[in-house]
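The values are calculated or read from the model by the stated rules, or taken from the named source; none is laboratory data. Fair warning: this is a prediction, and the values are worked out from it, not measured in the lab. With ideal geometry, Cβ positions are generated from the backbone for all residues, glycine too; neighbour counts draw on all protein chains shown.
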Amino acid sequence: MDDTNTVNAFAALAQTTRLDAFRLLVTHEPDGLPAGEIARLLGVPHNTMSTHLATLQRADLITAERQSRSIVYRASLDSLRQVVTFLLKDCCAGHPDLCAPLIADLAPCCTQKEKGHA
């Protein structure tokens, strides 16, 4: 990941509908969602959603796969990891104790929830 790729990712996410779509896709990993379902869930016209999804795809934040008559979109978690790693690579100038609160905030989203507990 370099400056240009990171700026492109942030530029793609710097619009409410695209940010909402990306966050929605992250919550539907690993299965992804068809374009029409994304549009429906976000209350966005299909043609407008297609434009937003294309922007996210050009920024390498999502992938698309044709399945029969639908195009299923998935969040590119590897690209997200690269962006976050790029931002935090030199975290706190070599003082990992200063980054501990940030890491603690991220940890709950990355642990599996026990079955039967929400």
**Residue identified as on the phi > 0 side of the Ramachandran plot, surrounded by 14 or more Cβ atoms within 10 Å (Cβ to Cβ), at pLDDT 95 or above and charged (D, E, K, R) among Asp60, Asp20** = Asp60
**Request:** Please work out which residue is nearest to Thr63 (Cα to Cα), limiting yourself to the range 31-48 and to residues that are over 16 Å from the mean Cα position of the chain (by Cα) and β-branched (Val, Ile, Thr).
**Result:** Thr48
**Request:** Could you grab me the full set of residues in the range 26-66 that are within 21 Å of Val7 (Cβ to Cβ) and among the hydrophobic types (A, V, I, L, M, F, W, C)?
**Result:** Val26, Leu53, Ala54, Leu56, Ala59, Leu61, Ile62
**Asked** Taking into account only those residues within the range 1-17 that are over 14 Å from the mean Cα position of the chain (by Cα) and of a type outside the set (Val, Ile, Thr), which is modelled with the highest pLDDT?
**Response** Asn5
**Fill in**
Scanning the range 67-105 for residues that are surrounded by fewer than 11 Cβ atoms within 10 Å (Cβ to Cβ) and of a type in the set (A, V, I, L, M), the one nearest to Asn5 (Cα to Cα) turns out to be Ala93
**Prompt:** Across the range 63-97, which residue is farthest from the chain's Cα centre (by Cα) among those that are among the polar types (S, T, N, Q) and modelled with pLDDT under 95?
**Reply:** Ser68
**Request:** Could you pull out the residue among Ala12, Ala54, Ala107 that is out of contact with any strand residue (DSSP E or B) (no Cβ under 6 Å at 6 or more places or on another chain) and either touching a residue at least 40 places away in the same chain (Cβ under 8 Å) or not in a helix (DSSP H, G or I) (or both)?
**Result:** Ala12
**Item:** Residue pairs meeting the criteria (Cβ under 7 Å; at least 6 apart or on separate chains; first in a helix (DSSP H, G or I), in the range 31-46; second of a type in the set (Val, Ile, Thr) and surrounded by 14 or more Cβ atoms within 10 Å (Cβ to Cβ))
**Value:** Ala35/Ile71; Leu42/Thr17
**Prompt:** Is it fair to say Arg18 is within 22 Å of Met1 (Cβ to Cβ), touching a His at 6+ places or on another chain (Cβ under 6 Å) and of a type in the set (D, E, K, R)?
**Reply:** yes
